[in-house]
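Participant: Following this message is one structure expressed as structure tokens.
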């Protein structure tokens, strides 16, 4: 999920920024932005996900709050080492 405009979205696609993701939810395409709850609900519903079984990672604390109120696990991204440690705590990485 990314808050972006059409120009940046295409540039990011052209530079393969999203190559490791199955699907990208762009605010300019879905007409909803973080931290609103709407994009989170949309992603959960579209992918048949349960909030307690979902993890949302973002580098802005304000974007985590809506996800948390929906029951989604969250991680505030600071750097890769910290992220891997947080994921290990959740038993995502072994």
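Participant: If you rank 8, 48 by fewest surrounding Cβ atoms within 10 Å, what's the result?
Facilitator: 48, 8
Participant: So I have (i) 14.2; (ii) 13.7; (iii) 13.4, and one of them is Kirkwood radius over Cα pairs in Å calculated from this model. Which one is it?
Facilitator: It is the value labelled (i).
Participant: Order of 75-87, 33-45, 13-25 by packing, highest average Cβ count within 10 Å first?
Facilitator: Top of the packing list down: 33-45, 75-87, 13-25.
Participant: May I pose another question? Using only alpha carbon pairs under 8 Å that are at least six residues apart, calculate the relative contact order of segment 6-89 and give it in whole percent.
Facilitator: Contact order relative to length: 20 percent.
Participant: For residue 90 and residue 53 in the same chain, what is the full-extension length gain: residue separation times 0.36 nm, less their Cα-Cα distance, in nm?
Facilitator: Contour length minus Cα-Cα distance gives 12.3 nm.
FYI, it's all coordinate maths here, none of it is from the lab. Values in this document were obtained by computation on a predicted structure and should not be read as measured data. Cβ atoms come from the backbone with ideal geometry, glycine included; neighbour counts cover every protein chain shown.
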